[in-house]
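J.: Just passing along the structure, written as structure tokens.
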Amino acid sequence: MTLSPVLEALQTYPFVRLDEAKAAAREAGVDLIDFGMGDPIEATPAFIQRALADALPATAGYPRAPGLPELRDAIASWLGRRFEVDVDADRELIPTYGSKEAIFLFPLVACRPGKDLVLVPEPAYPVYERGAAFAGADVRFVPLREENAWLPDLDAVADDDWERCAIFLSNYPHNPTGAVASHAYLEKLAARAREHGFYLAADEAYTELWFDEPPLSALQLDDRTNVVVFQTLSKRSSMTGYRSGFVCAQPNVIAALRAFRPNVGTAPQEFVQRASVAAWADEEHVEETRARYSRKRAALAPLFDLASGSSVATFYLWFRVPSDETSESFAERLLERGVVVAPGSYFGPSGEGYARLALVPDLDACERAAAILRRLL
């Protein structure tokens with residue numbers, strides 16, 4: 001039997017390695033406080049749970065790719081309130097099964113196998129590279145540096161790469177660093193997208209988790225012709241298991257996705273869509289969520305040497321590891337004492353020398369971890 005050569009060439013997904021290390025530690029009797037995965041353990045708000053339960057039918061057919069009109073309307077209304085942008089709910093939106101699968105699959109729609117290039121700034125969410133690889137596109141990494149506030153140096157990208165580029169992945173607020181992008185940077189990148197004819201694919205999963213000022217959206221650009229935005233309720237509303245997000249783009253892109261997505265069967269179930277309507281319509285629970293993450297951040301952030309330009313949004317702390325340790329050896333040392341963090345190297349070569357802590361355990365666990373870390377750092 002043969003397998004996809006792309007699959008065979010991939011290294012083990014980094015967080016599978018982390019899961020294996022955690023399992024070994026637990027087997028050795030270590031009680032773990034897990035900051036390794038960006039998977040909120042906060043309870044999904046009760047009113048969202050009720051909306052889902054109320055929508056459960058006795059029978060249900062396959063969900064249609066365009067999604068419920070009520071959901072598209074709720075998303076468009078939220079975009080208008082949050083970012084003051086006018087979006088056509090019928091022509092510029094499509095609901096998705098979360099944002100991960102939508103990002104992974106987008107190169108299958110936007111790239112020509114063996115010809116096109118996907119530019120991926122790193123450190124980065126591993127899905128960006130993997131989706132491009134399975135679509136047969138070439139991948140070129142663009143390093144992100146602390147001295148540049150974790151923004152890519154667009155002027156350092158080769159002219160040939162711009163010409164071959166089909167997708168440039170933009171992720172701000174940024175996973176893993178928690179950095180944000182300025183309006184000027186986004187305008188510059190969008191201008192390159194129009195000049196060279198590629199998509200500015202903006203993963204905006206963390207725009208609603210911030211500590212001082214609300215981050216921008218690429219939808220707020222003066223000209224969003226080549227902009228494709230991916231959003232999700234996973235972090236905003238603690239709905240990771242519900243799998244509900246959307247893509248917002250120009251009508252021609254949404255038309256292409258409506259033609260493509262029925263082939264892969266990835267639309268949220270109707271009862272999830274109806275729960276999502278309730279989630280997008282409410283901001284009070286999001287404000288409460290931000291407040292909880294702020295309290296957890298206050299308990300842990302002072303203990304770390306936070307990298308400059310980072311950790312101003314998302315629920316991640318991105319920090320420098322001691323100069324005499326690698327990111328993996330540092331993470332292993334903490335794991336032995338019961339604190340799980342993700343090595344920066346898991347996110348790409350530019351992540352070496354750093355580690356990421358996800359503020360997902362409850363406040364009591366964060367305070368217990370802080371007591372352990374004071375003895376270790």
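J.: Rounded to the nearest 20 Debye, what is the dipole magnitude of region 59-280 about its Cα centre when Lys and Arg each give +1 and Asp and Glu each give -1 at the C-beta? It would help to have the intermediate numbers written out before the result.
T.: Numbers: 22 positive and 30 negative charges, 200 e Å.
Rounded to the nearest 20 debye, it is 960 debye.
J.: Let me check against my output: what whole-number percent is the relative contact order of the chain, with C-alpha pairs under 8 Å and at least 6 apart? List each step's numbers first, then the result.
T.: Numbers: 723 pairs, mean separation 93.0, N = 377.
Once divided by the residue count of the chain, the mean separation gives 25 percent.
J.: If the elastic network links every pair of Cα atoms under 10 Å, which of Leu186, Leu79, Leu154 fluctuates the most in the Gaussian network model of the chain?
T.: Taking springs between Cα atoms under 10 Å, the residue moving most is Leu154.
J.: I'm checking a number: the convex hull volume of the Cα atoms of region 59-280, normalised per residue, in Å³. What is it?
T.: Values: hull volume 25.8 nm³, N = 222.
Roughly 116 Å³ of hull volume per residue.
J.: Could you compute the net charge surrounding Ala23? Neighbours are other residues with a C-beta less than 15 Å from the C-beta of Ala23; K and R count +1, D and E count -1. Working shown, then result.
T.: On the way: positive: Arg17, Lys22, Arg26; negative: Asp19, Glu20, Glu27, Asp31, Asp34, Glu332, Glu336.
It works out to a net charge of -4.
J.: How compact is region 196-315 by the rule of thumb for globular proteins, expressed as Cα Rg over 2.2 N^0.38 Å? Provide the component values of the computation, followed by the final result.
T.: On the way: Rg = 16.9 Å, N = 120, 2.2 N^0.38 = 13.6 Å.
In units of the globular-protein estimate, region 196-315 measures up at 1.24.
J.: Still on this structure, I have one more. Give the order of Arg333, Arg224 when sorted by the count of other beta carbons within 10 angstrom, beginning with the fewest. Could the numbers behind the result be given before it?
T.: On the way: Arg333 14, Arg224 24.
Ordered by Cβ neighbours within 10 Å, fewest first: Arg333, Arg224.
J.: Of the peptides 315-327, 342-354, how do they stack up when ordered by the mean number of other Cβ atoms within 10 Å, highest first? Please list the in-between numbers first.
T.: Numbers: 315-327: 19.2, 342-354: 21.5.
Descending mean neighbour count gives 342-354, 315-327.
J.: If R₀ is 30 angstrom, what is the calculated FRET efficiency for the pair Ala298 and Asp324, using the beta carbon separation as r and rounding to 0.05?
T.: So, using R0 = 30 Å, E works out to roughly 0.55.
J.: Considering the dipole of region 196-276 built from charges on the beta carbon (Lys and Arg +1, Asp and Glu -1) around the Cα centre, which of Leu216, Phe260, Thr240 is farthest to its positive end?
T.: With unit charges placed on the Cβ atoms, the residue in question is Phe260.
J.: A further question on this structure: Compute, for the chain, the length of the dipole vector about the Cα centre, with Cβ point charges of +1 (Lys, Arg) and -1 (Asp, Glu) only. Units Debye, rounded to 20. Could you put the intermediate results ahead of the total?
T.: On the way: 38 positive and 54 negative charges, 140 e Å.
The calculation lands at about 680 debye.
J.: Give me the lysines in straight-line cross-link reach of Lys22: C-alpha distance below 28 Å, same-chain residues under 8 apart excluded.
T.: Leaving aside lysines fewer than 8 places away in the same chain, those within reach of Lys22 are Lys100, Lys235, Lys296.
J.: If you project the alpha carbons of the chain onto the principal axes, what extent comes out on each, in Å, largest first?
T.: Sorted from largest, the Cα extents of the chain read 56, 54, 52 Å.
J.: Additional query: If I model a spin label as a point 7 Å beyond the Cα along the Cα-Cβ vector, how far apart are those points for Asp19 and Leu56 in nm?
T.: Result for the modelled spin labels: 2.6 nm.
J.: Here's a follow-up. Which of the listed residues, Ala278, Tyr97, Pro63, is farthest toward the dipole's positive end in region 59-280, when Lys, Arg count +1 and Asp, Glu count -1 at the beta-carbon?
T.: Of the options given, the answer is Pro63.
J.: Please list the radius of gyration and Dmax for region 259-340, considering alpha-carbon atoms only, with Å as the unit.
T.: Looking at region 259-340, its Cα Rg and Dmax stand at 19.6, 53 Å.
J.: Is the shape of region 198-266 best called rounded, prolate or oblate, per the rule: a/c under 1.5 gives rounded, else a/b larger than b/c gives prolate, else oblate, with a ≥ b ≥ c the square roots of the Cα gyration tensor eigenvalues? Each step should come with its number before you reach the end.
T.: Working: a/c = 3.49, a/b = 1.19, b/c = 2.95.
Here region 198-266 falls in the oblate category.
J.: Have a look at Thr314, Thr225, Thr177 and tell me which one the Gaussian network model of the chain (Cα, springs below 10 Å) gives the largest fluctuation.
T.: Result: Thr225 has the largest fluctuation of those listed.
J.: Where in region 64-113 are there GluC sites (Glu not before Pro) that are in a DSSP coil and have at most 14 other Cβ atoms within 10 angstrom of their Cβ?
T.: Glu84
J.: A further question on this structure: Plugging the Kirkwood radius over Cα pairs into Stokes-Einstein for region 173-212, at a temperature of 37 °C and a viscosity of 0.692 mPa s, what D comes out in µm²/s?
T.: Details: Rh = 11.4 Å.
It diffuses with D of about 287 µm²/s by this estimate.
J.: Given the chain, what percent of its DSSP beta bridges are antiparallel, to the nearest 5?
T.: Numbers: 17 of 36 bridges.
Beta bridges within the chain, antiparallel portion: roughly 45 percent.
J.: Which semi-axes, in whole Å and largest first, does the equivalent ellipsoid of region 1-141 have when worked out from the alpha carbon gyration tensor as the square roots of 5 times its eigenvalues?
T.: Working: eigenvalues 202, 146, 57 Å².
In descending order, the three semi-axes are 32, 27, 17 Å.
J.: What number, rounded to the nearest 500 deg cm²/dmol, is the helix-based mean residue ellipticity at 222 nm of the chain, given -39500 (n - 2.57) per DSSP H run of at least four residues and division by all its residues?
T.: Working: 13 runs with 145 residues, N = 377.
When only DSSP H runs of four or more count, the value is -11500 deg cm²/dmol.
J.: What order do you get for Ser329, Ser310 when you list them from fewest to most C-beta neighbours inside 10 Å?
T.: Numbers: Ser329 12, Ser310 24.
Least crowded to most crowded, the residues run Ser329, Ser310.
Taken together, the values in this text are just the output of simple stated rules run on the coordinates, not laboratory data. Values in this document were obtained by computation on a predicted structure and should not be read as measured data. Ideal geometry is used to build each Cβ from the backbone, glycine not excepted, and the neighbour counts take in all protein chains shown.
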